[in-house]
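Participant: One structure coming up, written as structure tokens, with questions to follow.
Here, each number is a calculation from the coordinates, and none is a lab measurement. Given the structure is predicted, the values throughout are model-derived calculations rather than measurements. Backbone-built Cβ (ideal geometry, glycine too); neighbour counts: all protein chains shown.
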Amino acid sequence: MGDDPSSGSRLRISIVDARGRPLRRGRLAGWLAAAAPRRAHGAVTVALVSDALVRRLNRDYRGVDRPTDVLSFPARQTVRLQAPPAKGYLGDIVIARGVADRQARRAGHSPQTEHCILALHGLLHLLGYDHEIDDGRMARVERRLRRRSGLPAGLIEREARA
């Protein structure tokens, strides 16, 4: 499966650039749809963008003036990098390419693997999980999904070790 949204799937993933143009990025869309929790239904846009854009979004939406690896924007707060489908739109996941590349090098895996780790983390936020206030619930779900789909340590686990 490529990065085109799958109309027959419970979760439809579009991979785009900062202008909303479709990107072909290996198997990220298909992988994320397969790795997602069973309750995930609808459409999601994953944008692979520059660190500068993520820094601006992080500053504008979170008040933090630095780039971060991944941001999630639920449908009610979406940055609309692509026209959302008519119904069932969960929101946008925005991944900083440069930050992801550096994290992949430090972790000893490919940028594609890092994109999967970040996309899964972002999707869980779109589904309402929040690791900052949920007493480890999101971390447990992320760990289970990560193991099931063959990913190395998840984002929350890495942050806990740092």
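Participant: Placing +1 on the Cβ of each Lys and Arg and -1 on the Cβ of each Asp and Glu in the chain, which of Gly63, Gly154, Val99 has its Cα farthest towards the positive end of the resulting dipole?
Facilitator: Farthest towards the positive end: Gly154.
Participant: Subtracting the Cα-Cα distance from 0.36 nm times the residue separation, let me have the gained length for Leu23 to Ser110 in nm, one decimal.
Facilitator: Contour length minus the Cα-Cα distance gives 29.5 nm.
Participant: Scan around Val46 for amide H atoms under 5 Å from its own, H built in the peptide plane at 1.01 Å from N, and keep only partners 5 or more places away or cross-chain.
Facilitator: Ser14, Ile15, Val16, Ile93
Participant: Sort 28-35, 149-156 for me by packing, meaning the mean count of neighbouring Cβ atoms within 10 Å per residue, highest on top. Could you put the intermediate results ahead of the total?
Facilitator: Details: 28-35: 20.5, 149-156: 17.6.
The most tightly packed comes first, giving 28-35, 149-156.
Participant: Then there is this: Counting C-alpha atoms alone, how compact is the chain: give Rg to one decimal and Dmax as a whole number, in angstrom.
Facilitator: 14.4, 41
Participant: Suppose R0 equals 22 Å; then what is the FRET efficiency for His41 and Ala153 from their Cβ-Cβ distance, rounded to the nearest 0.05? List each step's numbers first, then the result.
Facilitator: Details: r = 28 Å, r/R0 = 1.26.
Using R0 = 22 Å, I get an efficiency of 0.20.
Participant: Suppose every K and R has +1 on its Cβ and every D and E has -1 on its Cβ; what is the size of the dipole of segment 11-151 about the Cα centre, in Debye to the nearest 20? Display every interim value, and only then the final one.
Facilitator: Working: 27 positive and 13 negative charges, 91 e Å.
I would put it at about 440 debye.
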